[in-house]
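The values are calculated or read from the model by the stated rules, or taken from the named source; none is laboratory data. All figures in this text were calculated on a predicted structure; none of them were measured in a lab. All Cβ positions, even for glycine, are placed from backbone atoms using ideal geometry, and neighbour counts span all protein chains on display. These accessible areas exclude ligands, DNA and RNA; they are computed on the full protein's heavy atoms, side chains included. Shrake-Rupley method; radii C 1.70, N 1.55, O 1.52, S 1.80 Å.
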Amino acid sequence: MDTVTDYSRRLERLIEISRTLASTLDHHQLLRNILNAAIELTGAEAASIMLADSKSGELRFEATSNIDSAQMEGLVIPVDSSIAGWIFTHAQPLIVPDVSRDPRWNPNVDSQVDFTTRSILGVPLIHRNQTIGVLEALNKQAGSFTEEDTATLQTLAAQAAIAITNSRLFQQADLIAEIVHELRTPLGAIMATTHLLQRAQLSEEKRAELLRTIQRETERLTTMTTDFLDMARLESGRMRFRREPFNLPELIAECLDIIRPQAAAHGVTIELHLDPAAATINSDRGKLKQVLLNLLTNAVKYNKEHGRIILSTEATPQNMVCRVSVTDTGKGIPPDSLTQIFQKFYRVPDSEGYATGTGLGLSIARKIVELLGGEMNVESQVGVGSTFWFTQPLKYTTLIPA
Ligand code: ADP
């Protein structure tokens with residue numbers, strides 16, 4: 001292909017891609033589209049998007065084509081000693097034909113992931129005169145990155161910066177609309193109840209019942225606020241994770257200490273089946289505690305009186321994962337609800353009669369598990385019970401024979 005047709009073909013593709021970017025509202029899909037476009041337009045092997053954290057000023061991976069999301073989480077790129085940092089602070093594009101010869105090259109990321117960077121073309125992501133991050137194409141497949149590649153990537157980056165900013169704003173507005181809608185139910189209940197309380201002739205019993213309603217709805221508002229904040233952080237990619245190896249049975253014991261009083265109040269017993277091979281896992285302890293507590297609380301809330309909960313762990317060393325399951329003997333989940341159970345705000349229609357909730361717990365839990373490199377799902381039979389399970393990476397070294 002001669003250079004003129006090559007150039008006009010690139011322009012045509014850029015226009016097509018810009019249209020797609022402008023119309024993609026799903027944040028993760030948008031990032032994937034930008035990465036694919038960067039790879040295609042520059043003939044690179046991989047690409048990454050790094051964005052600056054508005055609070056700490058640190059550069060973090062927002063999306064990469066070559067690192068899985070769990071590995072990517074928590075990787076910070078030092079602004080003062082890295083190629084991306086240089087591009088970010090100078091707000092200028094840069095071609096590095098051989099990273100091993102560049103003093104700005106920071107080999108830390110490569111050493112933590114399964115990828116070898118040879119060459120980089122990076123451009124700043126600028127929106128309204130503010131540098132919000134860096135877009136990098138890695139390892140030109142044939143030859144070296146050219147000035148024309150730089151110009152193409154800069155044009156893409158200009159579109160990408162607008163699309164990323166818009167998608168964040170759209171997500172926030174969407175979530176706020178849902179939040180406001182959900183807040184209306186408890187607020188309405190509190191308002192109606194306080195009106196009733198103002199009536200002169202009320203029996204002591206009725207008064208106590210109304211006060212209990214106010215207390216329950218206020219508690220619901222408090223839980224909602226925490227859940228909403230978590231959801232907003234997860235959706236905008238602002239929730240930070242710290243993965244390190246820790247002892248799973250110890251964490252389970254801690255969670256059971258918290259759950260036992262609630263379970264005992266309903267005569268629910270808890271059985272434990274721990275696989276000794278699933279002792280050390282590599283995850284974020286605090287976040288996993290939140291996930292486990294959510295599943296255990298649900299297993300109590302939606303169980304029958306004097307029911308059972310079985311918590312088991314199982315290591316599958318060939319896949320290097322640990323599977324944790326929480327089984328209950330509750331009312332189960334109807335098949336048509338099973339597919340929706342992890343969606344935001346979804347509650348099985350008759351749940352309200354059982355227990356109060358926001359319908360956010362499971363969607364938060366599944367997002368956390370996925371960002372930590374695992375999966376979460378459920379099996380259930382109406383009238384028999386449900387098993388919620390999730391997986392997490394086992395600590396690598398536990399699998400190496402002594
Ligand atoms: P919440 O419990 O706050 O409503 P969740 O996201 O944790 O929110 O759960 C969503 C819905 O899934 C619940 O409202 C309930 O209908 C259903 N559910 C969750 N766990 C169970 C369970 N162990 N057994 C039966 N239904 C469940």
Original post:
Residue check, Leu288 against (1) more than 13 Å from Ile252 (Cα to Cα); (2) assigned to a helix (DSSP H, G or I), all met but one. Which one?
Top reply: (1)
**OP:** Identify, from the list Leu25, Leu14, the residue that is surrounded by 15 or more Cβ atoms within 10 Å (Cβ to Cβ) and either in contact with a strand residue (DSSP E or B) (Cβ under 7 Å, 6 or more places away or on another chain) or not in a strand (DSSP E or B) (or both).
**Re:** Leu14
Subject >> Matching residues in region 115-140 - criterion: being open to solvent by 80 Å² or more (accessible area, probe 1.4 Å) and within 22 Å of Gly43 (Cβ to Cβ) >> reply: Thr116, Arg118
**OP:** Just one of (1) more than 12 Å from the ligand (Cβ to nearest atom); (2) touching a residue at least 24 places away in the same chain (Cβ under 8 Å); (3) within 22 Å of Thr356 (Cβ to Cβ) trips up Arg260, so point out which.
**Re:** (2)
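What are the residues in region 338-354 that are in contact with a strand residue (DSSP E or B) (Cβ under 9 Å, 6 or more places away or on another chain) and more than 6 Å from the ligand (Cβ to nearest atom), if any? Spell out how you get there, then give the answer.
So in region 338-354, the residues in contact with a strand residue (DSSP E or B) (Cβ under 9 Å, 6 or more places away or on another chain) come out as 338, 341-342.
Those that are in contact with a strand residue (DSSP E or B) (Cβ under 9 Å, 6 or more places away or on another chain) and more than 6 Å from the ligand (Cβ to nearest atom): Leu338, Phe342.
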Original post:
For region 198-223, what are the residues that are within 29 Å of the chain's Cα centre (by Cα) and exposed (fewer than 12 other Cβ atoms within 10 Å of the Cβ)?
Top reply: Thr222
Original post:
When only residues in region 298-337 that are assigned to a helix (DSSP H, G or I) and either modelled with pLDDT of 95 or more or within 10 Å of the ligand (Cβ to nearest atom) (or both) count, which is farthest from Leu248 (Cα to Cα)?
Top reply: Ser337
Original post:
How many of the residues in region 355-366 are more than 7 Å from the ligand (Cβ to nearest atom) and surrounded by fewer than 20 Cβ atoms within 10 Å (Cβ to Cβ)?
Top reply: 1
**OP:** Using the structure shown, decide if Thr226 is farther than 19 Å from Ile95 by Cβ, in contact with a strand residue (DSSP E or B) (Cβ under 9 Å, 6 or more places away or on another chain) and surrounded by fewer than 17 Cβ atoms within 10 Å (Cβ to Cβ).
**Re:** no
Subject >> Residues satisfying the stated conditions in region 318-337, i.e. in contact (Cβ under 8 Å) with a residue 24 or more places away in the chain, open to solvent by less than 50 Å² (accessible area, probe 1.4 Å) and over 21 Å from the mean Cα position of the chain (by Cα) >> reply: Val326, Thr327, Asp328, Thr329, Gly330, Lys331, Gly332, Ile333, Pro334
Original post:
Among the residues of region 257-289, which ones are among the hydrophobic types (A, V, I, L, M, F, W, C) and either farther than 18 Å from Gln392 by Cβ or open to solvent by 50 Å² or more (accessible area, probe 1.4 Å) (or both)?
Top reply: Ile258, Ile259, Ala263, Ala264, Ala265, Val268, Ile270, Leu272, Leu274, Ala277
**OP:** Starting from region 146-167, take each residue that is open to solvent by 30 Å² or more (accessible area, probe 1.4 Å) and list its partners that are assigned to a helix (DSSP H, G or I), counting only C-beta distances under 6 angstrom and pairs at least six apart or across chains.
**Re:** Thr155/Leu14; Gln159/Ser18; Gln159/Leu21
Original post:
Taking region 84-138 only, how many residues are over 27 Å from Asp68 (Cβ atoms) and of a type in the set (Phe, Trp, Tyr)?
Top reply: 0
Original post:
If you scan region 75-86, which residues turn out to be under 24 Å from the mean Cα position of the chain (by Cα) and open to solvent by 40 Å² or more (accessible area, probe 1.4 Å)?
Top reply: Val76, Pro78
**OP:** Kindly list the number of the only condition in (1) over 28 Å from Gly143 (Cβ atoms); (2) open to solvent by less than 60 Å² (accessible area, probe 1.4 Å); (3) not aliphatic (A, V, I, L, M) that fails for Thr89.
**Re:** (2)
Subject >> Residues being open to solvent by 80 Å² or more (accessible area, probe 1.4 Å) and among the charged types (D, E, K, R) - total across region 169-197 >> reply: 1
Original post:
Name the residues in region 374-392 that are more than 10 Å from the ligand (Cβ to nearest atom), surrounded by fewer than 19 Cβ atoms within 10 Å (Cβ to Cβ) and part of a loop (DSSP other than H, G, I, E, B), would you?
Top reply: Glu375, Gly383, Val384
Original post:
Quick one: Leu175 ticks every box in (1) in contact with a strand residue (DSSP E or B) (Cβ under 9 Å, 6 or more places away or on another chain); (2) in contact (Cβ under 8 Å) with a residue 40 or more places away in the chain; (3) among the aliphatic types (A, V, I, L, M) bar one, so which box is it?
Top reply: (1)
